[in-house]
Amino acid sequence: MKILWNHSEKLRKTVVLIAAILMVAGLSGGVASHARDKTVSKETLNLLGKLSDAFAEVAEAARPAVVNISTTSTVTMEENPFGNMFSDPFFRHFFGDQFGNPGQKRKYKSSALGSGVIVTSDGYILTNNHVVKGADEIKVVLYDKREFKGKVVGADPRTDLAVVKIDARNLPTLSLGDSGKMKAGDLVLAIGNPFGLNQTITMGIVSAVGRSNIGLADYEDFIQTDAAINPGNSGGALVSASGELVGINTAIYSTSGGYMGIGFAIPSDMAKVVMENIIKHGRVIRGWLGVSIQDLTPDLAKSLGIRETAGALVSNVETGSPADKAGLKRGDLITGINTKKVDDSTGLRNMIASTAPGTKIDVRIIRDGKEQTVTVALGEYKENKVVKTEYNNALKGVSVQELTPGLRDKLSLPDNVSGVVVTSVSADLSGRRLLQPNDVIEEVNRTAIQNVQDYDQAVSRIGAKDTVLLLIYRDGGSFYLTIRP
């Protein structure tokens, strides 16, 4: 049965009751003066009772929509309790191969726990991508103890969100609130399954909004809260005082692994866009402007003669991009999109990403000290293609991607450097201090590399026992590197 939020009268009074907490603090002096006979006034008890009842009502209405998610996945690990002893030539000279291959890989079952929020009565559930990533089996346990097999409809690692579907009807749901209206000091409840303790509810306030540059996801606009969040809370609900879902609990800041008063939730406004895209298209479709941007620092503003203190500075414009066609230039300061103000580069990225491709937007810029408005028709953002070679040769386990203008700026690469960027390297290669992430592969066996297709073709010609000659750009210079199988 769908939850109906029909307690506006009490919730309206909640604000008054919360404000009255200050009065309670004021009454504490009076209570202390009667400490000898240990009495509390009826007015105080009545006030606290109403406040308690209000929170209990909100919690009771919200908790049926929060579920427990348990996953099982297969993990491949290399068994070798003796290190490299059996591979040592001296050892093999005397004992041969009678001990077999102690480094053989074995598969193990791994389980994990998390939370989720039912957002539609026919079984769509919002959770974190890291809760269900790589899961072979997903079990969803409802508030009433019913169990269902879950299926991942789609996931978005860039926001750490995922949508899971269960085959059920007439489920309790949480309506999505307007997270953009949340502000520091607002009361919130966190509901989830920390440490497997089902339906745990904690209370706190919104500590801050718009938190970014934390390093948890590519697109960050977190709500920070001091409501207790612990392992297992991931994917659970952050609920406002009006009983609406305003965030998906995602992570904590901790030096101990447990609660330390700082938790982060993905705002419901962002979650709604991601969820609707996944349900409709199976993936997230994002807008694309085609610029590389950076924050405006006081030194940059002074050097560029910019008086403004907020905005996103354009450091590069991709040729043929929507920004290029609209006439945006390097050095422009983007201060607003339509009616919204742009404070920094993260805010601009989130605005563009959440806008559908083809949408025309008015971009307010400062150029040469003058304010202008440029109309741009957004394109569709294309994920950078990543290639991981599965060939049986020396470059097995190396992942690369296109060298985009954005990556060029991020890695501070000269314009004359071309190739593909290494994104990850197998433990063997990195352990031998050969290839490293962010290396640029310019040549493979003296063949120039311009894109991932060139790289794929060149690597496919390498034999299993061939030594590979690479030209690598790293730390401001190019050098040759040989990799043996």
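The values are calculated or read from the model by the stated rules, or taken from the named source; none is laboratory data. Note that the coordinates shown come from a computational prediction; the quantities given were computed from them, not determined experimentally. So basically every Cβ, Gly included, is an ideal-geometry build from the backbone, and we count neighbours across all protein chains shown. Surface accessibility is based on the protein's heavy atoms, side chains included, excluding ligands, DNA and RNA. Shrake-Rupley method; radii C 1.70, N 1.55, O 1.52, S 1.80 Å.
Some notes on this structure:
- Segment 111-148: number of residues that are touching a residue at least 60 places away in the same chain (Cβ under 8 Å), assigned to a strand (DSSP E or B), open to solvent by less than 20 Å² (accessible area, probe 1.4 Å) and of a type in the set (V, I, T): 4
- One residue from D88, D53 being open to solvent by 60 Å² or more (accessible area, probe 1.4 Å) and modelled with pLDDT under 70: D88
- For segment 441-483, a tally of residues being in contact with a Pro (Cβ under 8 Å, 6 or more places away or on another chain) and loosely packed, with under 12 Cβ neighbours inside 10 Å returns 2.
- Within segment 456-485, the set of residues being modelled with pLDDT under 90 and closer than 11 Å to V420 by Cα comprises just one member, D456.
- Search result, residues across segment 251-279 that are outside any loop (DSSP other than H, G, I, E, B) and more than 19 Å from A356 (Cα to Cα): A251, I252, G263, F264, A265, I266
- Long-range neighbours under 6 Å by Cβ, at least six apart or interchain, first residue touching a residue at least 40 places away in the same chain (Cβ under 8 Å) within segment 445-464, second of a type in the set (A, V, I, L, M, F, W, C): V452/V387; V452/V420; Y455/V400; Y455/V420; Y455/I449; D456/V387; V459/L395; I462/V468
- Residue match in segment 253-262 (condition: open to solvent by 50 Å² or more (accessible area, probe 1.4 Å) and more than 24 Å from S115 (Cβ to Cβ)): no
- Strands (runs of 3 or more DSSP E) wholly inside segment 165-239 containing at least 2 residues that are open to solvent by 20 Å² or more (accessible area, probe 1.4 Å): 200-211
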